[in-house]
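Read the structure below first, then the notes.
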């Protein structure tokens, strides 16, 4: 693998792409440190120390700490992700969008344009509600987060945060086109990894103070390596259904007759199910924080605390549900079977048509159950580590899935550039496959 990274610096195009990617990520991290006017930074920091379990804590995680500082990138890239998911779901139910998705590059460009419009709309709405929420809350010492509440602050907040999100959207598209890897995913990756140095520093500080023993720390490090290896194994895991194509005679030539396979991933839904589940479960607690004197709201908030068993059961159940739901939305066995039949393909021992679609659906249902349980186990891992081992850092969950998945995709793209120029890849035994296979 070290030789693979050395070879990467010898390819001029790959070197330029890597330098461009690092430069854009540096611009992103620089923007995170630029604050939005009108905010008491000290009061906001005290508020976020107790906000890890509400909606603001979730957005702050994916924005790389930008919301905690209330910088110009406070919303991060989350509105773009939400708009993309909404457009992807609407593609299944809206005939016009479904036709666009099948029109090739022209249709995809039109859907991308609609996604951008949706990003601007969601950013305006989210920034408005965040400005309202910040005016309502106070830090634990009683200081108001907003220095001068009112519509002046709200409009300035909407314009600033929406502009920041649009710039990040453009930045991600530039990285995808001129850099290496998926730009949007790399921005999220950089935001999550940015918290790693402070977590390491805090952990060693606790070890020197005797809060965590050296033996426990070594055991946790070994456990973390095993968990990361298991995630890599599951993200690359797939069930390959053999497909045989019949021979066809066109003119004087014979075509087809080759064997192929249909790859079905274990985790087809990716990180979408835990994001949906977290958003649903933390929403009542976030609303309850705006009504501290209402006993019903506070009771619901206490019941949905991340440390409670009820929350964990609901969380796991919602993850499993959204894994099946998103897989059903994005993968249609009937269409796959029809396309195979159209091009003369068939699964050995299975009749083309409905029998093939039923066979694929049965296998996909079983794979989705395994993938859903795996995603749920990774997502409840932080709660178990904090409760049982008093871990001072957040290891596991959606962030870990994103970090490992983006790393796999980026390394796979770098390996593709190396292999096309007659260099060995990063791994001498087999290629590194990204999440898309």
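The values are calculated or read from the model by the stated rules, or taken from the named source; none is laboratory data. Only a predicted model underlies this, so the values are computations on that prediction, with no experimental measurement involved. Neighbour counts run over all protein chains shown; Cβ positions are idealised from the backbone, glycine included.
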| task | Looking for whichever is modelled with pLDDT of 80 or more and in contact with a helix residue (DSSP H, G or I) (Cβ under 7 Å, 6 or more places away or on another chain) here; the options are 304, 364. Which one fits? | result | 364
| said: Quick check on the stretch 200-223. Is at least one of its residues in contact (Cβ under 8 Å) with a residue 60 or more places away in the chain, surrounded by 18 or more Cβ atoms within 10 Å (Cβ to Cβ), in contact with a helix residue (DSSP H, G or I) (Cβ under 6 Å, 6 or more places away or on another chain) and over 18 Å from residue 33 (Cα atoms)? | reply: yes
| query | For residue 166, are the conditions met, namely being touching a residue at least 60 places away in the same chain (Cβ under 8 Å) and in a helix (DSSP H, G or I)? | reply | no
| note | The residue from 27, 42, 59 that alone is in a helix (DSSP H, G or I), modelled with pLDDT under 70 and closer than 30 Å to residue 154 by Cα is 59
| Is one or more of the residues making up the stretch 419-432 out of contact with any strand residue (DSSP E or B) (no Cβ under 8 Å at 6 or more places or on another chain), modelled with pLDDT of 60 or more and in a helix (DSSP H, G or I)? | yes
